[in-house]
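All remarks here apply to the structure that follows.
Derivation of every value follows stated rules applied to the coordinates shown; laboratory data play no part. Nothing here was measured: the structure is a model prediction, and the numbers come from that model. Reconstructed Cβ throughout: ideal geometry from the backbone, glycine too, with neighbour counts over all protein chains shown.
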Amino acid sequence: MEESLWALGHLVNLEEHFTESGLLDLAARAREVRREFQSAWWISVGLQEEFYRKNWCIFKHLASLIVHLSELASWEEAPAELREASAETASAAKQLFWLLVELGRGERGEKEEGEKKEG
């Protein structure tokens, strides 16, 4: 699942870079690819659709942040203190990301339990 987080983050960043470069047709295509992947992603990690859609922007920013921080942490030209802080912050962001996933899975479980009780 860790790789899926990286893929999601890179797709978000790719879309942003195309937009910043004025390559809007490529940005639109990257957005389509990202949306197709993210649809498969949220299902594969077991998120409830309503939770996912409500919190997509948080997922997007966390995934992008993790990619940027991890790249900064591995950039040899950066000062050691910055690399260390970037690595620690990336680790904290990953924890937030997966806690959000768990919360989304929990909501799914709670709704399914409620449906079983009603049935």
By the mean-Cβ-within-10 Å protection proxy, highest first, 16-28, 57-69 rank as 57-69, 16-28
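For residue 105 and residue 80, what does the FRET efficiency come to when R0 = 35 Å and r is the distance between their Cβ atoms, rounded to the nearest 0.05? Mind showing how you got there, number by number?
Working: r = 38 Å, r/R0 = 1.08.
For R0 = 35 Å, the calculated efficiency reads 0.40.
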Relative to the chain, whose Cα atoms define the longest principal axis, helix 24-44 and its Cα axis are tilted in degrees, nearest 10, by 40
Answer in debye to the nearest 20: the dipole magnitude of the chain about its Cα centre, from +1 Lys/Arg and -1 Asp/Glu charges placed on Cβ, is 400
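Test of understanding: what is the full-extension gain from residue 25 to residue 68, defined as 0.36 nm times their sequence separation minus their Cα-Cα distance?
Details: separation 43, 0.36 × 43 = 15.48 nm, distance 2.41 nm.
Taking 0.36 nm per residue and subtracting the Cα distance, the gain is 13.1 nm.
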In degrees rounded to 10, the 0-90 angle between helix 49-73 Cα long axis and the longest Cα principal axis of the chain is 20
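State to the nearest 20 debye the size of the charge dipole of the range 1-70 about its Cα centre, where the only charges are +1 on K and R beta carbons and -1 on D and E beta carbons.
Working: 7 positive and 10 negative charges, 31 e Å.
Charge dipole of the range 1-70: 160 debye, to the nearest 20.
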Relative to the chain, whose Cα atoms define the longest principal axis, helix 2-20 and its Cα axis are tilted in degrees, nearest 10, by 60
Per the C-alpha gyration tensor (a ≥ b ≥ c, the square roots of its eigenvalues), the chain is rounded if a/c is under 1.5, else prolate if a/b beats b/c, else oblate; here it's oblate
